[in-house]
Amino acid sequence: MNITVIGTGYVGLVSGTCFAEMGHDVTCVDVDEEKVSQLSSGEVPIYEPDLDRYFERAREENRLHFTTDLAKGVADAKIVFFALPTPPGEDGSADLSYVLDAAGDVADLLVGETDSEYRIVVNKSTVPVGTGDRVESVFADRGLEIGTEVDVVSNPEFLREGAAVEDFLKPDRVVIGTESDRAAEKMERLYEPFVRQGNPILVVDRRSAEMIKYAANSLLATRISFMNEIANVCERVGADVDKVRLGIGKDHRIGPNFLYAGIGFGGSCFPKDVKALARKGRQEGYDFQILDAVLDVNDQQRRRLAEQAKDYFDGDLAGRRVAIWGLSFKPGTDDTREAPSHVIIDELLDQGADVVGYDPEAIETTRGTFGDQIDYADGKYEAIDDAEALLICTEWHEFRRPDLGTVREHLDNPLVLDGRNLYDPARMAEMGFEYHSVGRPSYAPETNREAIEEAIVENGQP
Ligand SMILES: NC(=O)c1ccc[n+]([C@@H]2O[C@H](COP(=O)([O-])OP(=O)(O)OC[C@H]3O[C@@H](n4cnc5c(N)ncnc54)[C@H](O)[C@@H]3O)[C@@H](O)[C@H]2O)c1
């Protein structure tokens, strides 16, 4: 089947590539000429595990095409997906201009056709409840017959960056929001190969589908902020949040996922989606109080490492070299949108610190934001050369088991502020680090030099 995906970012490129993997002929349309020319010449512009493998195969088999020409994309498509940005507007509500403008452009093309065939327009962008109705009106207002010439469907996307291909190919569930049996049947057929292991395709009304996406992201963000608050109390009462997590995660009503304390959520979705749902509630006369608290807690948590560093140096970070391990908002991606590391870097720069960052994949995206305001290291140990503090912001695998003896040698001052709870606090103290993590006890560093060196020899690894 011919499929068109409009918007070739994280969601659009992964969706297009995975539909092509299932044998469809996919055209991806984007307004970014540079991106389209990169993709057309076989270059994947984002980092996402396994994406390049599937992308290459689809291109070799001539099933994946890229264009800036919307007319070319829409001409033969049976299904047109929108994977367009929905950034927060100034008041926190989702900016729908990309989606509504694209709907207008597609509608104009369909009106111009002589023998207009039935098409499904599918919204994969995260949009507030009622957006599908607005998109449908765009088509109806141009005289296109809903149900005969076009149906507008909501199909929210739940992929996680860092595991996007895996999630797309084997989704926990597929949600299809439509009141049209014809559209539902075609969409179910499209997704059947993705749920062969028995995960459900849920066909619901369009408004509920739109709400499912916001409810899912808001609940996940709430779990994170909740655990961060538990961690903050743990620190004050001498409890260990990691043990608390294990204890509550075993409760079947709670489950083990999304219970990690840390330095707050980031990324292109959670912050904006929580804001958008809170805003939508307010527009409808409902004060969604929990979500305001979730955002406040997150703002506070994301600044935490910078504040700890500032306190440690008695408020004077000017000219001090501070190293950051992990710049992406989570491991497995080069995406730094709303990354906690960037909030921390902003704070450190405000304080006059001399910042050096290292990340296995997100150096270039970070350079796009900070340019030469900070230094970039080629490796994790280079990053900490002569640094007076190491701040850990993203839990990439390579940060989980560093040679702590080497870390100790490279650092000018043994301060490690770990926003991801990667190491054992007692061992870190034993090795002479001043080590603080989130929601766990800190121990005074072992100051006897001999004992430290012995510990380094014996416990090269944490
Ligand atoms: N990134 C995620 O993890 C994720 C997961 C689920 C849902 N979503 C939602 O999916 C949507 C897209 O997110 P994303 O992260 O892929 O965004 P993105 O910013 O990575 O990609 C959007 C793409 O759309 C292109 N674009 C903008 N206007 C266009 C137009 N008129 N025609 C064609 N292309 C156009 C941009 O050039 C860009 O390449 C958002 O609503 C987001 O909330 C994202």
Residues of the chain: accessible area per residue with a 1.4 Å probe, Å²: 45
Under 13 Å from the Cα of K186 - aspartates and glutamates, other chains or at least 8 residues apart: D151
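Too long at a 19 Å Cα-Cα cut-off: which of K35/K78; K124/K272; K243/K272?
Details: K35/K78 24 Å; K124/K272 16 Å; K243/K272 31 Å.
Beyond 19 Å: K35/K78; K243/K272.
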Span from the region 266-281 Cα centroid across to the region 381-428 one, whole angstrom: 32
Partner lysines for K310 [C-alpha distance under 25 Å; skip if fewer than 8 residues away on the same chain]: K330, K380
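If eta is 1.002 mPa s and T is 20 °C, what Stokes-Einstein diffusion coefficient results for region 303-458, Kirkwood Rh from Cα pairs, in µm²/s?
So the translational diffusion coefficient is about 139 µm²/s.
What 222 nm value per residue comes from the helices of the chain, counting each DSSP H run with n ≥ 4 as -39,500 (n - 2.57) and dividing by all residues, nearest 500 deg cm²/dmol?
Result for the chain, helices only: -13500 deg cm²/dmol.
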Calculated FRET value between A216 and D372, using beta carbons and R₀ = 51 Å, to 0.05: 0.85
Backbone HN-Hα couplings from phi across region 340-357 [Karplus 6.51/-1.76/1.60, Hz, Gly and Pro as x]: x, 4, 6, 5, 5, 4, 4, 5, 5, 5, 4, 7, x, 6, 9, 9, 10, x
Cβ-placed point charges (K, R +1; D, E -1), dipole of the chain about Cα centre in debye, nearest 20: 1600
Rounded to 10°, Cα long-axis angle of helix 449-458 versus longest principal axis of the chain: 50
Mean Cα-pair separation over length for the chain, i.e. relative contact order, pairs under 8 Å, 6 or more apart, %: 11
Part-to-part distance (alpha-carbon centres) for region 76-98 and region 293-339, which is given in Å: 30
Inter-part distance where region 207-231 and region 133-183 are each reduced to a Cα centre, Å: 22
GluC sites (Glu not before Pro) restricted to region 1-95 and DSSP loop, no more than 16 other C-beta within 10 Å: E43, E61, E90
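Considering only protein heavy atoms and a 1.4 Å probe, what is the carbon-and-sulfur percentage of the accessible area of the chain? Spell out each step's value before the answer.
Details: 9280 of 20560 Å².
Ligands and nucleic acids excluded, carbon and sulfur give 45 percent.
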Candidate aspartates and glutamates - alpha carbon under 14 Å from K213, same-chain residues fewer than 8 apart omitted: E157, D172, D205, D273
J(HN,Hα) series, region 434-445, from Karplus relation 6.51 cos²θ - 1.76 cosθ + 1.60, nearest Hz, glycine and proline x: 8, 10, 10, 10, 10, x, 10, x, 10, 10, 5, x
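The values are calculated or read from the model by the stated rules, or taken from the named source; none is laboratory data. Worth saying up front: this structure is predicted, and the values here are computed from it rather than measured. Reconstructed Cβ throughout: ideal geometry from the backbone, glycine too, with neighbour counts over all protein chains shown. Ligands, DNA and RNA are stripped out before the accessible areas are found, and what is left, the full protein with its side chains, is counted by its heavy atoms. Shrake-Rupley method; radii C 1.70, N 1.55, O 1.52, S 1.80 Å.
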